[in-house]
Amino acid sequence: MAKGLQGTAHFRNWHGSKPGIRERDDEPLYQNLFSAQLIGIPAGISADKVITIEGIQKISGLDFEQTPTPVEQTYKGAKRSYAGALPDNGKTFTDIKLSVAVNLNDETEAYVYNFFREWANLVWHPLTGEMQLKKDYIAQSIMISMYNRVGTVYRRVLGHKIFPSAPINSFELDYAQGNSLYQMEIQLRCDYWDDVSRGLVEK
């Protein structure tokens with residue numbers, strides 16, 4: 001090998017195919033391979049106890065990572081840094097946001113939209129002002145699974161004790177927008193969560 005070429009990109013060393021090193025064909029993480037299920041639907045909604053959210057386009061709000069800001073100690077002009085003892089926001093809940101395509105079934109029902117409207121009405125019904133207790137409007141969990149091209153799950157997030165925490169976005173009707181499709185935006189508050197990744201050791 002000519003001098004100066006060690007460590008450069010080349011089709012022979014891209015997969016680690018060097019003497020004594022096992023060749024690996026790793027897979028990237030595709031951000032479009034995921035599913036979301038709701039578990040333990042409130043009794044006041046006419047739906048199965050476990051449903052897969054159909055038409056889901058996007059999920060955001062999975063920013064669970066928190067790190068305390070470093071603190072400093074000074075003695076005679078010298079400073080030492082330490083990890084803080086509490087994250088800045090101290091957040092123990094999260095808001096998961098869903099973007100969902102809405103379609104009509106054979107009965108001309110916007111069934112996905114209707115499901116989330118019924119759920120939101122348990123929190124507060126805008127036409128009657130009726131409200132329910134927390135035990136009656138929360139779902140047990142939302143389970144978000146991320147997987148590879150053959151469906152093997154590598155990460156699973158479970159948000160627990162969830163409920164709609166923001167209004168569903170309204171219909172914006174416009175004669176000039178013949179190719180515009182309604183997409184529903186939903187925000188769900190989770191009291192706490194579990195975040196499990198294959199091979200990650202939590203201590």
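Each residue in the range 163-203 was checked for being more than 16 Å from Arg117 (Cα to Cα), in a loop (DSSP other than H, G, I, E, B), among the hydroxyl-bearing types (Ser, Thr, Tyr) and touching a strand residue (DSSP E or B) at 6+ places or on another chain (Cβ under 9 Å), and 0 of them qualify.
I'd like the full set of residues that are of a type in the set (D, E, K, R) and under 15 Å from Phe64 (Cα atoms), limited to the range 161-203. If the condition is that a residue be of a type in the set (D, E, K, R) and under 15 Å from Phe64 (Cα atoms), then Arg189, Asp191, Asp194, Asp195, Glu202 are the ones that fit.
The set of residues in the range 39-55 that are touching a residue at least 40 places away in the same chain (Cβ under 8 Å), within 22 Å of Val157 (Cβ to Cβ) and either in contact with a helix residue (DSSP H, G or I) (Cβ under 9 Å, 6 or more places away or on another chain) or among the charged types (D, E, K, R) (or both) comprises Ile41, Pro42, Ala47, Ile51, Ile53, Glu54, Gly55. In the condition set (1) within 16 Å of Gly61 (Cα to Cα); (2) buried (at least 16 other Cβ atoms within 10 Å of the Cβ), Leu122 is compliant with all but (1). Criterion applied to Pro87, Pro68, Pro28 was being over 20 Å from Phe163 (Cα atoms), part of a loop (DSSP other than H, G, I, E, B) and without any contact (Cβ under 8 Å) to a residue 12 or more places away in the chain, and the one residue passing it is Pro28.
Look at the range 107-128: where a residue is outside any loop (DSSP other than H, G, I, E, B) and a partner is at pLDDT below 95 and charged (D, E, K, R), sitting 6+ places away or on another chain with Cβ atoms under 7 Å, you get Val112/Glu54. Among the residues of the range 90-106, the ones that are free of Cβ contacts under 8 Å to residues at least 40 places away in the same chain and either farther than 26 Å from Ile144 by Cα or surrounded by 15 or more Cβ atoms within 10 Å (Cβ to Cβ) (or both) come to 1 in all. Considering the conditions (1) at negative phi; (2) at pLDDT 95 or above, Lys161 is excluded by exactly one of them, (1).
The values are calculated or read from the model by the stated rules, or taken from the named source; none is laboratory data. The structure presented is a predicted model; accordingly, all values stated were derived computationally and were not measured. Here the Cβ is made from the backbone with ideal geometry for all residues, glycine too, and neighbour counts use every protein chain on show.
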